[in-house]
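The values are calculated or read from the model by the stated rules, or taken from the named source; none is laboratory data. All values reported here derive from a predicted model rather than from experimental measurement. A quick note on method: Cβ atoms are made from the backbone with ideal geometry, for glycine too, and the neighbour counts reach across all protein chains shown.
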Amino acid sequence: GPTLFFSLEDIDVTADGSPALRIMISIVYSVVCAAGLVGNLLVVFLMKVRRGRKRSTIHFFVLNLAMTDFQFVLTLPFWAVDTALDFSWPFGNAMCKIILSVTVMNMYASVFFLTAMSVTRYWSVASALKDRTRHRYCSVRWVSAVLWVSATVATAPTAIFSNMTNIAGEKLCLLRFPEGQHWLALYHLQKIIIAFVFPMLIVTICYLMLLRFVRLRSMNNNHPKRSNRVTKSVTIVVLSFFLCWMPNHAITFWGVLVKFNVVNWDKSYYMVHTYVFPVTVCLAHANSCLNPFLYCLMRREFRKMLKDLFWRIWPLCQGSLQIVRALCHLADWAAPLCKDFRANETDI
């Protein structure tokens, strides 16, 4: 009935979408997983290559973010299979608890590190006159530890209440709270506030302060190009975070209002939740694929490192191509001989 609510990977399952939609979402999960794995591994590699150079707090956070997003996208193949099988969980109860907990924990950790990076970026620019690199690098380990602990604590309800449950003959990986939908509504409200509202406020305030600071410095020093460059990168970062997560949290909040009976359950909610909500989940997951490109590949130093890496690999690629070409020529030359041999073999 309309008053019964469950949750799958923070998703309420009130109805099945069309098979075509489920297959499309599974394909999107797979593409995001592949792109996220490549992008985040590339970031980790570039960070390791950069190890000999001057370290900074923001680079430490970028590395943690890449590792967080890498773990996050590793869970996507499980959700791709689950979605393709019409939310029938084939991996057992233990994997349900592990995958759901890892998914949620890395979602929190990713958002926390994005927020920490925005604070660090403003702080590092504002205090650029003094060189405190070593002090910052020592303290950033404690900050990272606190962020991981916070993500773990925020994930505790997921770890405790996630279970594989039989519903209408199907095994579903769900969050089952003992007191019903009100606890589930509070759980979703926690996710919206901690993983979106507060981080979005902090990120926006930090970047507005950063833009104001850079513009004032640029006006004084006559460097409008730098101001424009920073404005562009900041706008892209804030917009990507907002656009990727806002639709998902907006529909989730609608669900919270429905569960608390503030808003009536109706057909429009049913349709949006069945057909639009899964697409917003894909969009939210895509943020973990975009992060490495936004935070690394937009920076000039990392683009230069990537270019250097490409020119190192290119000769090896060319050598491989030449070997393949030689083998193809050999195959073309050998084909008539093989044909004659087979004909003679048949005659014998």
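Can you spot a residue in segment 216-232 that is surrounded by 13 or more Cβ atoms within 10 Å (Cβ to Cβ), closer than 24 Å to Val111 by Cα and either modelled with pLDDT of 90 or more or hydroxyl-bearing (Ser, Thr, Tyr) (or both)? The answer is yes; a qualifying residue exists.
Selection of segment 81-104 for residues being of a type outside the set (Phe, Trp, Tyr) and over 20 Å from Cys282 (Cβ atoms) yields Pro90, Gly92, Asn93, Ala94, Met95, Cys96, Lys97, Ile98, Ser101. Taking the condition under 26 Å from Thr165 (Cβ atoms), modelled with pLDDT of 85 or more and crowded, with 17+ Cβ neighbours inside 10 Å, does Leu65 pass? No: the conditions fail for Leu65. Would you check which residues across segment 179-208 are more than 19 Å from Met105 (Cβ to Cβ), of a type in the set (A, V, I, L, M) and crowded, with 16+ Cβ neighbours inside 10 Å and list them? Ala185, Met200, Val203, listed by residue number. Applying a threshold of 9 Å to beta carbon distances and a minimum spacing of six or more residues, or different chains, the list of pairs starting in segment 82-107 at a residue that is on the phi > 0 side of the Ramachandran plot and ending at one that is modelled with pLDDT under 90 and surrounded by fewer than 16 Cβ atoms within 10 Å (Cβ to Cβ) reads Asp86/Asp16; Asp86/Pro19; Asp86/Glu170; Phe87/Asp16; Phe87/Glu170. Here Met95 does not qualify as modelled with pLDDT of 85 or more, under 17 Å from Leu294 (Cα atoms) and out of contact with any Cys (no Cβ under 6 Å at 6 or more places or on another chain).
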